[in-house]
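Asker: Dropping a structure here in structure tokens format, bear with me for questions.
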Amino acid sequence: MKKSIVLISVLLSGFLVWYLFIKPYDYLVTFKAKTIPGVINQSLKLWNTSLEGAKIESTEDISVLKQTVPYRDSTFLYQYKIKPISDSTSIVKVYVTDLDHSFMNKLSHPFSHTDFEKRVKNSMVEFSDKLNEHISRFTVKVEGESEIKETYCAYISIECRQIEKALGMMKNFTLLSGTLLANNIELNGRPFISVNNWDMKNDRIQYDFCYPVKNNDSSFQHPKIAFKKINRKKALKAIYNGNYITSDRAWYALLDYANKNNIKLEQKPFEVFQNNPNMGGDELLWTTEVYLPIIEN
């Protein structure tokens, strides 16, 4: 009997030491999302910009992020771990710590619903709602192996944050198309972008905003517009329907598909835009053909 009491005391003491002093978080929230990790990653970063004083502290990869959010006299640390559990569903685990009152939260949590706990639950419900709203506004269908067609184009080079991709196109659309037409350079297809560098960790891209053309007057010169040939390339293809601002969601879908099917890809997205957003209409009817080049052995 005494041995059992001693054993229970040792186990209880060990648990309390772990819970109060070693456990690396105060509270855990778990929820499912009907999308892939890349979409959750980008949605989380966008949501973060709406929170006053919030900051993404680190991104180990698409599936692991750390965020700090100030609240009253505290700073909350959110550590996100995102894991796919099917082709279209992921589970998100959020480990939350009050960096200023962690010990008191751990003492209070087993006996009451603390303000910390309520705040964390409310913030995760808010993010989950925003995520579900975002998911409802686009669709992505991976079609499989295809090819980027050979073409000749005029282009303007742009470097920006990933979320600013469409803004860069809008700012330069009139300059590119108008200048070409004014110089009798005939357009020959739909506008597209060719990404030369995708910095996934910092969410920055460098891309060429392009218009296919039939001819190039060698006397034409412009400080921002140049010409190049796009070579034919084998690629994975997806169809994205939705606002062009978030067509990069298809990039992550292609990476996810390639990872599951052991296909090596260049992280250089190529997008062809089939609709003119200036005409308005239902964004779910806007179509983008999205490609990632396949690395051939």
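The values are calculated or read from the model by the stated rules, or taken from the named source; none is laboratory data. Bear in mind that the values here come from a model prediction, so they are computed numbers and not experimental data. Every residue, glycine as well, gets a Cβ built from its backbone with ideal geometry; the counts of neighbours run over all protein chains shown.
Asker: Got a sec? Which of 213, 195 is among the hydrophobic types (A, V, I, L, M, F, W, C) and touching a Lys or Arg at 6+ places or on another chain (Cβ under 9 Å)?
Answerer: That would be 195, the only listed residue that is among the hydrophobic types (A, V, I, L, M, F, W, C) and touching a Lys or Arg at 6+ places or on another chain (Cβ under 9 Å).
Asker: Given the residues 194, 177, 218, which is the only one that is surrounded by 14 or more Cβ atoms within 10 Å (Cβ to Cβ) and at pLDDT below 95?
Answerer: The unique qualifying residue is 177.
Asker: Residue check, residue 242 against (1) under 19 Å from the mean Cα position of the chain (by Cα); (2) surrounded by fewer than 20 Cβ atoms within 10 Å (Cβ to Cβ), all met but one. Which one?
Answerer: (2)
Asker: Quick check: is even one residue across the range 221-233 under 18 Å from residue 200 (Cβ atoms) and not aromatic (Phe, Trp, Tyr)?
Answerer: no
Asker: On the basis of being loosely packed, with under 15 Cβ neighbours inside 10 Å and closer than 30 Å to residue 66 by Cα, does residue 206 make the cut?
Answerer: When the stated conditions are applied, residue 206 passes them.
Asker: Could you count how many residues in the range 197-210 are modelled with pLDDT under 95 and either farther than 13 Å from residue 162 by Cβ or small (Gly, Ala, Ser) (or both)?
Answerer: The qualifying residues number 0.
Asker: Name the strands (runs of 3 or more DSSP E) wholly inside the range 25-87 in which the number of residues that are touching a strand residue (DSSP E or B) at 6+ places or on another chain (Cβ under 8 Å) and closer than 17 Å to residue 134 by Cβ is 2 or more.
Answerer: Details: elements: 27-33, 55-61, 64-71, 74-84.
The strands (runs of 3 or more DSSP E) meeting that bar are 27-33, 74-84.
Asker: Return the residues of the range 12-52 that are more than 22 Å from residue 123 (Cβ to Cβ) and at pLDDT below 75; say none if nothing qualifies.
Answerer: Answer for the range 12-52, where residues must be more than 22 Å from residue 123 (Cβ to Cβ) and at pLDDT below 75: 12, 13, 14, 15, 16, 17, 18, 19, 20, 21, 22.
Asker: While we're looking at this one, here's another question. Just one of 224, 264 is outside the structural domain of residue 64 (by TED's automatic domain parsing) and under 25 Å from the mean Cα position of the chain (by Cα); which is it?
Answerer: Details: 224 fails: under 25 Å from the mean Cα position of the chain (by Cα).
One residue alone meets the criteria, 264.
Asker: Return the total of residues in the range 172-196 being farther than 16 Å from residue 273 by Cα and free of Cβ contacts under 8 Å to residues at least 40 places away in the same chain.
Answerer: The total comes to 7.
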